[in-house]
Amino acid sequence: MINTAYSPTPLTVPHGTTVKWMNGDGFTHTVTNDAGSGETFDLSVGAGVTVSHQFNTAGTYNYHCTIHSTMHGAIVVN
């Protein structure tokens, strides 16, 4: 993430993939699942920090930043 945005979005990956998010901004973001996305994750990502989550089941997983309401992303798992 950079400039208060997730990139790329959507990101398409095969099931079993561990997705990593790296915060290139100078402030904290979160990677938080949207309600009903079928997967639960809520990751705090400090400036310069990388976090990850493994997606094992096919589907579309929408997520957002709880701090910055304009930040939204999606992972499409095949």
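Provide the net charge surrounding TYR6, with neighbours chosen by a C-beta distance below 14 Å and charges set as Lys +1, Arg +1, Asp -1, Glu -1.
Local net charge: -1.
What list of ³J(HN,Hα) couplings, whole Hz, do you get for segment 16-23 from phi and the Karplus terms 6.51, -1.76, 1.60, once you set θ to phi - 60° and write x for glycine and proline?
My calculation for segment 16-23 gives x, 6, 9, 8, 10, 10, 10, 8 Hz in order.
Going out from 0 in 10 Å bins, what whole percent of all Cα-Cα distances in the chain drops into each bin?
Going from the shortest bin to the longest, the percentages are 21, 57, 22, 1.
Would you mind computing, in nm to one decimal, how far apart the modelled labels at HIS68 and ALA35 are, each placed 7 Å from Cα along Cα→Cβ?
According to this spin-label approximation, the distance is 2.4 nm.
What net charge is computed for the residues neighbouring TYR61, neighbours being all others with C-beta under 10 Å from the C-beta of TYR61, Lys and Arg scored +1, Asp and Glu -1?
Details: positive: none; negative: ASP34, GLU39.
Value of the local net charge: -2.
What net charge is computed for the residues neighbouring VAL31, neighbours being all others with C-beta under 15 Å from the C-beta of VAL31, Lys and Arg scored +1, Asp and Glu -1?
Cβ neighbours under 15 Å give a net charge of -3.
Can you run phi through the Karplus equation (6.51, -1.76, 1.60; θ = phi - 60°) for segment 37-53 and list ³J(HN,Hα) in whole Hz, with x for Gly and Pro?
Whole-Hz 3J(HN,Hα) from phi for segment 37-53: 6, x, 9, 10, 7, 8, 10, 8, 10, x, 4, x, 9, 10, 10, 9, 8.
Here, each number is a calculation from the coordinates, and none is a lab measurement. Worth saying up front: this structure is predicted, and the values here are computed from it rather than measured. So basically every Cβ, Gly included, is an ideal-geometry build from the backbone, and we count neighbours across all protein chains shown.
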